[in-house]
Amino acid sequence: METVLITGGTGMVGTRLTNVLLARGYKVIVLSRSHLKKTGHKNLSYALWDVKKREIDMAAVGAADHLIHLAGAGVVDKKWTPAYKKEIMESRTESARLLIDALKKNNDHHPNKIKTVVSASAIGWYGADKDPVKSFNETDESSPDFLGTTCKLWEKSMEPVTWLGKRLVTLRIGIVLSNDGGALAEFKKPLRFGLATILGTGKQIISWIHIDDLCNLFIAAIENEKMQGVYNAVAPQPVSNKTLMLTLAKMMHGKFYIPIPVPAFVLKLMMGQRSIEVLKSTRVSAEKITATGFTFVYETIDAALANLVKK
């Protein structure tokens, strides 16, 4: 039985991924900043780490066969003040530096046997669409904006694991659709009152992925030894904001909903700089990941939302 060490394991993606890994027969160790109660699962345990104090449980590192790095401050959780922008960036790069330092410490007490490192990144790498038809792919340059720069430094901070002889897979994750938080929870809020909010023009393209497909992708990155380098973690069929919202509204309310346009200037007043991300169109290709043989369970927005709405 192989062991997976996870950072960011208590977040939306990490929690679901932990459960999927356990169901697949893996042991999971979640790195956490605090001692947690008994897990209730014989193959799940927690280990301490503290990025700011530069501390990590070396026994946990020594016990792992694979490492999944998800940790990082939420991009849309708070206003983008200079201090929070710094936290967004450093929570990713400094945690990576701590992990790499730990992987370098290969001693008799805690021998390092980690074979695979799978690191999260984001499609924020690409910035806004430059062409209304062409999709971004993994060879495209990073955007010079804040998220593009953050993703570039994030990915670069994990590169040294390859110098240590580890196989590195980086997943640039799109908008994750889940019932446990994230974008879908925000989309659903006005729909409780029958209001389908169309953001800006509604024409902006959203490159999304169902959380179960994302979890399967992380596991594929561990199990498929031919996978190496960067892959876009997005479903094959991106959709416009308007299409997503109206599809969701129909599934939740049938014909009984009212489309409500929310002008861009209103979003800017409400969200500040974060509104850029809500209004941005980013069409991202899934061709490279599907070429590995990976099969999406939820290829279309209809299938993904049908699954999530019925739960």
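The values are calculated or read from the model by the stated rules, or taken from the named source; none is laboratory data. Just so you know, these numbers come straight off a predicted model, no measurement behind them. When we count neighbours, we look across all protein chains shown, and the Cβ atoms used for this are built from the backbone with ideal geometry, even at glycine.
For segment 72-108, residues that are in a loop (DSSP other than H, G, I, E, B) and of a type in the set (Gly, Ala, Ser) total 3. A Cβ distance below 9 Å, combined with a sequence gap of six or more or placement on separate chains, defines the contacts here; from segment 218-244, residues that are farther than 15 Å from Lys115 by Cβ and at pLDDT 95 or above reach residues that are among the charged types (D, E, K, R) and in a strand (DSSP E or B) in the pairs Val230/Arg172; Tyr231/Arg172; Asn232/Arg172; Ala233/Arg172; Val234/Arg172. Taken as a whole, the structure leaves Trp125 outside the set of residues that are under 23 Å from the mean Cα position of the chain (by Cα), aromatic (Phe, Trp, Tyr) and over 29 Å from Met245 (Cα atoms).
If the condition is being charged (D, E, K, R) and in contact (Cβ under 8 Å) with a residue 12 or more places away in the chain, then segment 174-212 contributes Asp180, Lys188, Lys203, Asp212. Consider segment 1-58 and keep the residues that are more than 22 Å from Ile222 (Cα to Cα), assigned to a strand (DSSP E or B) and among the charged types (D, E, K, R). The one that is farthest from the chain's Cα centre (by Cα) is Glu55. Within the option set Ala71, Ala96, Ala102, being over 24 Å from Tyr231 (Cβ atoms), touching a helix residue (DSSP H, G or I) at 6+ places or on another chain (Cβ under 7 Å) and surrounded by 19 or more Cβ atoms within 10 Å (Cβ to Cβ) holds for one residue only, Ala102. So in segment 214-229, with the set limited to residues that are in contact with a strand residue (DSSP E or B) (Cβ under 8 Å, 6 or more places away or on another chain) and surrounded by 19 or more Cβ atoms within 10 Å (Cβ to Cβ), which one is farthest from Trp125 (Cα to Cα)? Among them, the one singled out is Ile222. Considering only residues that are crowded, with 23+ Cβ neighbours inside 10 Å and under 23 Å from Lys130 (Cβ atoms), which ones fall in segment 200-213? Those that are crowded, with 23+ Cβ neighbours inside 10 Å and under 23 Å from Lys130 (Cβ atoms): Ile206, Ser207, Trp208, Ile209.
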